[in-house]
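Engineer: If you scroll down you'll find the structure; I have some questions about it.
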């Protein structure tokens with residue numbers, strides 16, 4: 001690191017501003033490449049890989065030469081994602097139809113991945129579903145059990161079965177939580193609860209594991225995905241929120257995991273909501289009510 005800073009100083013003093021900036025960028029990129037984990041030939045298991053963020057995470061890891069084990073419920077979609085991942089550079093891809101809300105499916109997924117590849121380096125817990133309703137409009141609370149089983153327990157079960165293999169490889173868990181885990185969003189009470197539980201779960205595991213297993217917690221905001229389009233935008237009253245492309249989000253996540261980051265808030269502009277949550281939670285709650293409840297109620301009237 002000391003050598004790098006000396007190089008920066010030397011280059012910036014010897015070049016004009018434009019050239020110096022270009023040289024600075026090149027040096028920083030080189031340094032990042034040196035200190036980032038290289039996943040070529042490593043084994044990455046991804047849940048919820050048939051669409052959305054999970055699909056593009058598979059493509060991004062494939063471009064970097066990782067071997068992939070993909071899980072989701074839709075076998076035909078998994079096959080298509082696996083085929084494309086191999087075209088993009090993954091040396092070996094397997095896919096296992098999996099419902100992460102079922103303990104036995106999670107165990108089978110991890111076991112098949114390890115039996116096939118002989119190791120596991122990254123576990124990406126991405127599978128999730130969403131339901132949009134004001135809490136008092138929910139007729140049967142029990143209907144939301146599936147959401148919790150998928151979003152929270154699915155990650156818990158996959159993590160439990162993967163721990164021995166990740167400990168052996170000094171691997172990493174990438175937990176796809178959500179901005180909804182710390183930013184109260186009306187009409188998404190159970191989704192927010194599931195993501196808050198997930199974030200807290202991973203934070204606790206980080207304290208338990210120490211340096212044995214790395215954990216990167218990702219809290220995406222609005223992302224252009226199958227889950228967040230169509231009726232979701234209409235029911236959630238979120239048409240005014242700018243969404244990041246799924247491809248850009250996936251690249252940022254893999255970059256973050258390879259850097260060994262503890263947290264990633266993506267896209268970067270959503271970090272302001274985290275600051276508001278810490279410094280002025282009342283303002284954030286007022287804005288959430290005004291933007292997602294009061295404002296939309298006036299429009300409908």
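Engineer: Using mean Cβ contacts within 10 Å as the protection proxy, how do 194-200, 163-169 order, highest first?
Structural biologist: 194-200, 163-169
Engineer: Classify the stretch 67-141: rounded, prolate or oblate, from the alpha-carbon gyration tensor (a ≥ b ≥ c, eigenvalue square roots; a/c under 1.5 rounded; otherwise prolate if a/b is larger than b/c)?
Structural biologist: prolate
Engineer: Ok, one more. For the stretch 82-198, rounded, prolate or oblate, judged on the Cα gyration tensor with a ≥ b ≥ c (square roots of eigenvalues), a/c < 1.5 rounded, else prolate if a/b > b/c?
Structural biologist: prolate
Engineer: State, to one decimal in nm, how far the label point of residue 245 lies from the label point of residue 143, with both points 7 Å from Cα in the Cβ direction.
Structural biologist: 3.7 nm
Engineer: Let me ask another. Just want to confirm a number: the relative contact order over the stretch 40-300, from Cα pairs under 8 angstrom separated by 6+ residues, in percent.
Structural biologist: 18 percent
Engineer: How would the stretch 40-300 be classified by its alpha-carbon gyration tensor: rounded, prolate or oblate, with rounded meaning a/c under 1.5 and the a/b versus b/c comparison settling the rest?
Structural biologist: Because a/c hits 1.5 or more and a/b exceeds b/c, the stretch 40-300 counts as prolate.
No lab work stands behind these numbers, since they all come straight from the coordinates. Predicted model, so just to flag it, every value in this text is computed and none were measured. Backbone-built Cβ (ideal geometry, glycine too); neighbour counts: all protein chains shown.
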